[in-house]
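Down below is the structure, laid out as structure tokens.
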Amino acid sequence: MSDISVAALRGAVDLSTLRNRPQAAQAAQGDAAPAESAGVVVDVTDATFGQVLELSRTVPVVVDLWAEWCGPCKQLSPVIEKVTRELGGRVVLAKVDVDANPQIAQAFRAESIPMVVALLGGQPVPMFTGAVPEQQVREVFARLLEVAAQNGVTGTVPVEGAPAAPAEEQEAPLSPLHAEAYEAIEAGDYARAVSAYERALAENPRDEDAKAGLGQVRLLHRVQGLDLQRAREEAAAAPLDVPAQLRVADLDVAGGHVEDAFGRLLDLFASLPGEDRAPVRERLVEFFDLVGAADPRVAAARTRLASLLF
């Protein structure tokens, strides 16, 4: 069985509205999904990936990277869908056609498919690559749920036909600005989501949900439209070019390669003269808040940054 592990995850924004909205899901190639499974298997695009990233803060999301020409994908995808549906909303399956959505494929560094990756709290967790037997799929999903429970990612998505929660247990509606932010995220309009969260913080500087959400969507906004290969080539050609190095660090964090991003920026910070260091330090601090103080990678990076400052 694949070795699934993830560091302690940091809670973020309330995704109840996002989770409870009807999902524009389609079945995989073949038979249509039964009505009772609506919402647990969804097609995801480069434009809507932000929604899935946010959703994983509350519900484990399994990302299936596939393509129409891929024979093993056609063997594996129906098995993953079957197991997902049997879990009754405890896991969401996000299907990504890598040919139509190259940005997602680049973010996950998908060198071969089928590739299956989980998202827990916005962080990628490797599951398996290649077609595997159904029993192994079930074992890996079971382990995923264990790790998710250990890190507090235990929500569910509504499954059509299931009884509604009692009125007293239903979550309170979102504030207008938070609702606007989620709507913008769903539309892939990260600039609008940033604006909504900034206004929410202006109204209430102690709004931790808005602070966490702002950090996430700022990152998504910065990486939107970036070409990973070109960004890496530009950074390699100019090791002390701060904007070029920041772009690659953003892409690394968005793709779950946190240690790579921290190492790149700390090396850059150490190489720069004092007057040029501020943007690098600010981006590091932003990443520390985004990943969370409980993550050991943050503690190690903070220690090194402090040693470079003094």
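The values are calculated or read from the model by the stated rules, or taken from the named source; none is laboratory data. As the structure is a prediction and not an experimental result, all values here were calculated from the model. Backbone-built Cβ (ideal geometry, glycine too); neighbour counts: all protein chains shown.
Applying the set (1) modelled with pLDDT of 90 or more; (2) under 13 Å from Thr129 (Cβ atoms) to Phe108 leaves exactly one unmet item: (1). Beta carbons closer than 6 Å, at least 6 apart along the sequence or on distinct chains, pair a first residue in the range 172-199 that is farther than 16 Å from Thr48 by Cα with a second that is polar (S, T, N, Q) and at pLDDT below 90 for Leu174/Thr17. Scanning the range 48-65 finds no residues that are in contact with a Phe, Trp or Tyr (Cβ under 9 Å, 6 or more places away or on another chain), farther than 26 Å from Arg230 by Cα, surrounded by fewer than 22 Cβ atoms within 10 Å (Cβ to Cβ) and β-branched (Val, Ile, Thr). Considering every residue within the range 201-216, establish whether at least one is under 20 Å from Val44 (Cβ atoms) and buried (at least 19 other Cβ atoms within 10 Å of the Cβ). Within the range 201-216 (the criterion being under 20 Å from Val44 (Cβ atoms) and buried (at least 19 other Cβ atoms within 10 Å of the Cβ)), the answer is yes, since at least one residue qualifies. Could you please let me know if Val83 is assigned by TED's automatic domain parsing to the domain that holds Glu139 and crowded, with 21+ Cβ neighbours inside 10 Å? It is false that Val83 is assigned by TED's automatic domain parsing to the domain that holds Glu139 and crowded, with 21+ Cβ neighbours inside 10 Å. Only one of the listed residues (Arg297, Arg230) is crowded, with 16+ Cβ neighbours inside 10 Å and either out of contact with any His (no Cβ under 7 Å at 6 or more places or on another chain) or farther than 19 Å from Tyr197 by Cα (or both). That residue is Arg297. Just one of the numbered conditions (1) assigned to a helix (DSSP H, G or I); (2) over 18 Å from the mean Cα position of the chain (by Cα); (3) closer than 30 Å to His178 by Cα is not true of Arg206: (1).
Among the conditions (1) under 20 Å from the mean Cα position of the chain (by Cα); (2) at pLDDT below 85, the only one that Pro166 does not satisfy is (1).
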